[in-house]
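Notes to accompany the following structure.
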Amino acid sequence: MLNEIQSSPISSLLRQLKRMKISELSSRTQVPKETIHFYVREGLIPRPRKRGKNVADYDESYVERILLIKEIQDHFFLPLSYIKGIIKRQYKSPELKALLKLRMGYFSPLDQLLEKDVVGVEAFAEATGMGQRWIAKFIKWGIITPEVRDGENIYSQDDVILGRLLVDLDKAGFGPKDGVDPSVVKNYIKIYKQIVKMAHQSFLATHPDQLTSEESMAKSIRGRELMGVFFYHLYRKLAREVEEQTKSRKAV
């Protein structure tokens, strides 16, 4: 296992059954009571169970929903009318729920704007949840590539995100304990480097002499981010096609 953190199904069930008043819900979510009442009126969260004329009980699911609303607002800057539709859909669609969690965890605009390096292997292990033995392996395989300054490993935000992704893959059932050999990522690096070079030559290195240095840098950054999103969606598209082909072959 890339990490050693496990959750107890019993403790999870107990948390779900726990009831709380609106004051505790407000404290835990850092959302004012008036806003919580507004969410109820607008249908963003269900009406709570009433225990009296002015007393209502909330459970852990309300914490989850309100934090999700806050995250969507913080990450995507959407109006509440759109968020309401997303909330309803994500509880009906496991795929959408997983996609929302992934995008909020790894595609936060604020995190990208406020990128900061992580200093030292202990800090990197804490930031990613990855054990130091695996950190050493992924450095050896060229997946995580810290810069050494004054004898200390300095990890970029990209390294941190890759580390977290590898740990999440392990948690999701795609790790050594599930029969997956993590060293296979070495091959991905070799292949993907060639793809990145092709993309750079085709799209990112066009007519550099016609631009000022500032314009060239801005174009390069914009192109890099656009190509990153392109490859993300291309992988999702091709993965779906491969899954459908696999299902078709099994059905024959």
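Below is a table of values for the structure above.
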{"item": "Residue within segment 190-204 that is part of a loop (DSSP other than H, G, I, E, B), more than 26 Å from ALA218 (Cα to Cα) and not assigned by TED's automatic domain parsing to the domain that holds ASP74 present", "result": "no"}
{"item": "Scan of segment 147-197 for residues that are among the β-branched types (Val, Ile, Thr) and in contact with a strand residue (DSSP E or B) (Cβ under 8 Å, 6 or more places away or on another chain), ordered by number", "result": "VAL148, ILE154, VAL160"}
{"item": "Residues of segment 172-194 classified as surrounded by fewer than 16 Cβ atoms within 10 Å (Cβ to Cβ) and in contact (Cβ under 8 Å) with a residue 24 or more places away in the chain, total", "result": "5"}
{"item": "Test: LEU234 is among the aliphatic types (A, V, I, L, M) and surrounded by 12 or more Cβ atoms within 10 Å (Cβ to Cβ)", "result": "no"}
{"item": "Members of segment 151-165 that are part of a helix (DSSP H, G or I) and either within 12 Å of the chain's Cα centre (by Cα) or under 15 Å from VAL121 (Cβ atoms) (or both)", "result": "ASP159, VAL160, ILE161, LEU162, GLY163, ARG164, LEU165"}
{"item": "Segment 37-79, residues that are touching a helix residue (DSSP H, G or I) at 6+ places or on another chain (Cβ under 7 Å), touching a residue at least 24 places away in the same chain (Cβ under 8 Å), charged (D, E, K, R) and outside any helix (DSSP H, G or I)", "result": "GLU42, ASP59"}
{"item": "Residue check for SER23: in the same structural domain as TYR82 (by TED's automatic domain parsing), under 24 Å from TYR82 (Cα atoms) and either in a strand (DSSP E or B) or hydroxyl-bearing (Ser, Thr, Tyr) (or both)", "result": "no"}
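Residues checked against (1) farther than 21 Å from LEU2 by Cβ; (2) of a type in the set (Val, Ile, Thr):
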{"site": "ILE161", "(1), (2)": "no, yes"}
{"site": "VAL167", "(1), (2)": "no, yes"}
{"site": "LYS171", "(1), (2)": "no, no"}
{"site": "GLN201", "(1), (2)": "yes, no"}
{"site": "THR212", "(1), (2)": "yes, yes"}
{"site": "SER216", "(1), (2)": "yes, no"}
{"site": "ARG236", "(1), (2)": "yes, no"}
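Residue-by-condition table, conditions (1) β-branched (Val, Ile, Thr); (2) free of Cβ contacts under 8 Å to residues at least 40 places away in the same chain; (3) surrounded by 11 or more Cβ atoms within 10 Å (Cβ to Cβ):
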residue	(1), (2), (3)
SER156	no, no, yes
ARG164	no, no, yes
VAL196	yes, yes, yes
THR246	yes, yes, no
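The values are calculated or read from the model by the stated rules, or taken from the named source; none is laboratory data. What you see is a predicted model, and the numbers here were worked out from it, not measured in a lab. Note that each Cβ is placed from the backbone with ideal geometry, even for glycine, and that neighbours are counted across all protein chains shown.
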